[in-house]
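So the structure is just underneath, and the comments pick up after that.
Read the figures in this text as sums done on the coordinates, not as results from a lab. Small disclaimer: the values here were computed from a predicted structure and weren't measured. When we count neighbours, we look across all protein chains shown, and the Cβ atoms used for this are built from the backbone with ideal geometry, even at glycine.
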Amino acid sequence: AQSVTQPDIHITVSEGASLELRCNYSYGATPYLFWYVQSPGQGLQLLLKYFSGDTLVQGIKGFEAEFKRSQSSFNLRKPSVHWSDAAEYFCAVGPYSGGGADGLTFGKGTHLIIQP
Amino acid sequence: DTGVSQDPRHKITKRGQNVTFRCDPISEHNRLYWYRQTLGQGPEFLTYFQNEAQLEKSRLLSDRFSAERPKGSFSTLEIQRTEQGDSAMYLCASSPSLLLGQGSGELFFGEGSRLTVL
């Protein structure tokens, strides 16, 4: 079964500083990888996704992520964070293969705090 | 707005009562998913539909939970005899079918229905 590990529960970054959120996955085939962001009380919004090809993918809001097969990682980065980036970030892998569903398996999330 | 919509956004109920949530997916999406999210956790898969057929249910979906998608459009998730442990955000998502060569695995989420069981 697939799994996703986000080792950092909380990360605090100063506004304007760079950001890297870690994600490691376990998956038996070529994964589809996603990063979603969730603001308080809201649903999940897709930041970016990787299926194949270029291992560095660009997303919305200035985010990017790099797929490293050898490390089973898909870390999210942003060169300069803004106060509005404060949110919960979820890494996900799919398609979910348990019994044939094509949904996603999510990590537990990383809570990003932005300091002024 | 053509996104996924969920109703109600918030529900407070007493233990033992029944509750029902509704999800309206993006109209051209034939797959619909229900996830549950508790505080400090990522979304956990509950069940999904391909059109009107419920194709998989997670072990998290006890027999007090039932989901339907009668006409392959909107879906309902009912929880009978609610327990305090059912308190969570219930998220609905939709997507085109991968089997038909559509879509890319991305799920489109609604804003969720938050359940509080007292």
- Message: Taking amide H atoms as placed 1.01 Å from N in the peptide plane, list the residues 5 or more away in sequence, or in a different chain, whose amide H sits under 5 Å from that of A:Glu15.
- Response: A:Gln115
- Item | Amide H within-cut-off set for A:Ala87, under 5 Å, with H built and near neighbours excluded | A:Leu112
- Message: So if I take the alpha carbon set of the range B:10-118, get Rg, then get Rh from the Kirkwood formula, what is the Rg over Rh ratio?
- Response: 0.97
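Sequence gap at least 6, Cα distance under 8 Å: using those rules, report the relative contact order of the range B:1-98 to the nearest whole percent. Kindly include the intermediate steps, with their values, before the conclusion.
On the way: 204 pairs, mean separation 35.7, N = 98.
Answer for the range B:1-98 is 36 percent.
List the trypsin sites (Lys or Arg not before Pro) in the range B:21-78 that DSSP assigns to loop (not H, G, I, E or B) and whose Cβ has at most 10 other Cβ atoms within 10 Å. Which are they?
Working: sites: B:Arg22, B:Arg31, B:Arg36, B:Lys57, B:Arg59, B:Arg64, B:Lys71; in loops: B:Arg59, B:Arg64, B:Lys71.
Loop-located and lightly packed - B:Arg59, B:Lys71.
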- Item | Within the range A:28-56: backbone nitrogen closer than 19 Å to the A:Ser84 label point (7 Å, Cα to C-beta) | A:36-48
- Message: Per residue of the range A:69-83, what does 6.51 cos²θ - 1.76 cosθ + 1.60 with θ = phi - 60° give for ³J(HN,Hα)? Whole Hz please, x for Gly and Pro, Karplus curve as stated.
- Response: 4, 5, 9, 6, 10, 8, 7, 9, 9, 8, x, 8, 8, 10, 4
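Please label the shape of chain A as rounded, prolate or oblate, based on the square roots a ≥ b ≥ c of the eigenvalues of the alpha-carbon gyration tensor (a/c under 1.5 means rounded; beyond that, a/b larger than b/c means prolate, else oblate).
Judged from the Cα gyration tensor, chain A comes out prolate (a/c at least 1.5, a/b above b/c).
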- Per-residue HN-Hα couplings for the range B:110-116, Karplus 6.51 cos²θ - 1.76 cosθ + 1.60 at θ = phi - 60°, whole Hz, x for Gly and Pro? x, 7, x, 10, 8, 10, 10
- Note on the structure: Set A:Lys49/A:Lys108; A:Lys68/A:Lys108; A:Lys78/A:Lys108; A:Lys68/B:Lys57; A:Lys61/A:Lys108; A:Lys49/A:Lys78, cut-off 24 Å on Cα-Cα distance; pairs above it are A:Lys68/B:Lys57
- Karplus couplings for the range A:110-115 from phi (6.51 cos²θ - 1.76 cosθ + 1.60, θ = phi - 60°), rounded to Hz, Gly and Pro as x? 10, 8, 9, 10, 10, 8
- Sequence of A:Ser14, B:Ser58 once ranked by neighbouring C-beta atoms within 10 Å, starting from the fewest: A:Ser14, B:Ser58
- Select from A:Phe51, A:Phe90, A:Phe74 the residue whose mean-square fluctuation is largest in a Gaussian network model of chain A (Cα-Cα springs shorter than 10 Å). A:Phe51
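Count charges around A:Ser3 for me, please; just the other residues with Cβ under 13 Å from its Cβ, Lys/Arg as +1, Asp/Glu as -1. Walk me through the numbers on the way to the answer.
On the way: positive: A:Lys108; negative: B:Glu44.
Once positives and negatives cancel, what remains is 0.
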- Task: Would you work out if the range B:30-79 is rounded, prolate or oblate? Take a ≥ b ≥ c from the square roots of the eigenvalues of the alpha-carbon gyration tensor; rounded if a/c is under 1.5, else prolate when a/b is larger than b/c, oblate otherwise.
- Result: prolate
- Given the C-alpha centroids of the range B:1-62 and the range A:40-80, what is the distance between them in whole angstrom? 25 Å
